[in-house]
1. Scan region 152-193 residue by residue and report those that are among the aliphatic types (A, V, I, L, M), under 17 Å from Phe280 (Cβ atoms) and either surrounded by fewer than 19 Cβ atoms within 10 Å (Cβ to Cβ) or modelled with pLDDT under 95 (or both).
2. Which of the residues that make up region 244-264 are of a type outside the set (A, V, I, L, M) and either within 22 Å of Leu314 (Cβ to Cβ) or outside any loop (DSSP other than H, G, I, E, B) (or both)?
3. Quick check: is even one residue across region 110-121 buried (at least 21 other Cβ atoms within 10 Å of the Cβ), outside any strand (DSSP E or B) and not β-branched (Val, Ile, Thr)?
4. Scan Gly279, Gly286, Gly308 and give me the residue that is in contact with a His (Cβ under 9 Å, 6 or more places away or on another chain) and crowded, with 17+ Cβ neighbours inside 10 Å.
5. If a residue has to be hydroxyl-bearing (Ser, Thr, Tyr) and within 18 Å of Val51 (Cα to Cα) to count, how many in region 122-172 make the cut?
6. Answer yes if at least one residue in region 96-115 is of a type in the set (Gly, Ala, Ser), over 20 Å from the mean Cα position of the chain (by Cα) and under 27 Å from Arg65 (Cα atoms), and no otherwise.
7. Pairs, please: C-beta under 6 Å, at least 6 apart or cross-chain, first residue of a type in the set (Ser, Thr, Tyr) and in region 85-109, second surrounded by 15 or more Cβ atoms within 10 Å (Cβ to Cβ)?
8. Answer yes if at least one residue in region 225-243 is in contact with a helix residue (DSSP H, G or I) (Cβ under 9 Å, 6 or more places away or on another chain), at pLDDT 95 or above, in a loop (DSSP other than H, G, I, E, B) and closer than 25 Å to Thr293 by Cα, and no otherwise.
Amino acid sequence: MNSPAPFSPETSRLLHGSAPLTHLGVIQAQGEDAASFLHNQLSNDVLLLPVGQSRLAAFCSAKGRMQASFILVKTAPDTVLLVLSLDLLAQTLKRLSMFVLRAKVKMTDVTAQWQLRGLLGDSARACVGDAAPWQTLSQQGAYSVALYPAVLGESSVARAVWLAPAGQALPAGAELSHGVWQWAEVMSGVTLVSQAVFEAFVPQMLNYESVGGVNFKKGCYPGQEVVARSQFRGTLKRRMARVHSPVALSAGEDVFTPTDPDQPCATVVLCAPRPLGPGFDALVSGTLESMLTGWRVARADGAALEPGPLPYALLEDI
């Protein structure tokens, strides 16, 4: 496949500003055991997360399947915010609360108390500069979390999530649509789990071990044994890739290959239309073997998906 062209000047001009992230919600864990409780439930280290900093983490079933994923922001020694897909918030809050038992922590839906914006380009750099992914800068009670950039060819566009108390003045910059933000998210190769793919993947199937979402040295958490076995025994068969599609795709939609028309080989994770030009870009998680034989939408003779390179290196299986 030919190397992808960089962002065109027209597209680049669209990728500066901020978009409302109304598809995300916020859970607050507060209490003296907040960090230790979350540390025992999630795929990443929360105990060693410094105040004012962030991490990516997954919440898994006992079988290692992701039931939710979060951008964690530690706002105080006894308080951690969990930014997640809004369509998973209620059930995730209920399930996490079931495990609290005697821990001194209270789990609360605080979505209404915070405003979330996705920052792109100059607006992102104004808040996080050249910070590495998951590094966080705070100012006047607002937190700006650097994310993986949107990448096409040799060009990239900075991305960040801005989290601030409700009513605080918004960051400077043009108003962007949710569709533009989602497309940039696809081009970053990093996304959060939504209801459409609930329990569809272990973290490595969304490349979480390669983008800072899994800590293999921390203690046990639900599904930890399955996640570790997938990594250390080389049993992982699926990975997430970026693709271009001539037709719209839906999260959770099956993808097939002509060599096995009766069995889906991959699942759509996220799809968004290109801001300019035809077609759609998407993140798809599928079997490594089927990537080589070709992916088709909805059925074995459906529209062909054109694979493209990931914007980051995958951690080698151990």
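1. Hit for region 152-193 is Leu152, nothing else.
2. Passing the criteria: His244, Ser245, Asp254, Phe256, Thr257, Asp260.
3. yes
4. Values: Gly279 fails: crowded, with 17+ Cβ neighbours inside 10 Å; Gly286 fails: in contact with a His (Cβ under 9 Å, 6 or more places away or on another chain).
The conditions single out Gly308.
5. 4
6. Yes, region 96-115 has at least one match.
7. Every condition considered, the pairs that remain are Ser85/Leu192; Ser85/Ser194; Thr92/Ala68; Ser97/Met107; Thr108/Gln28.
8. no
The values are calculated or read from the model by the stated rules, or taken from the named source; none is laboratory data. Owing to the predicted nature of the structure, the values given are computational and were not obtained by experimental measurement. Cβ: placed from backbone, ideal geometry, glycine included. Neighbour counts: every protein chain shown.
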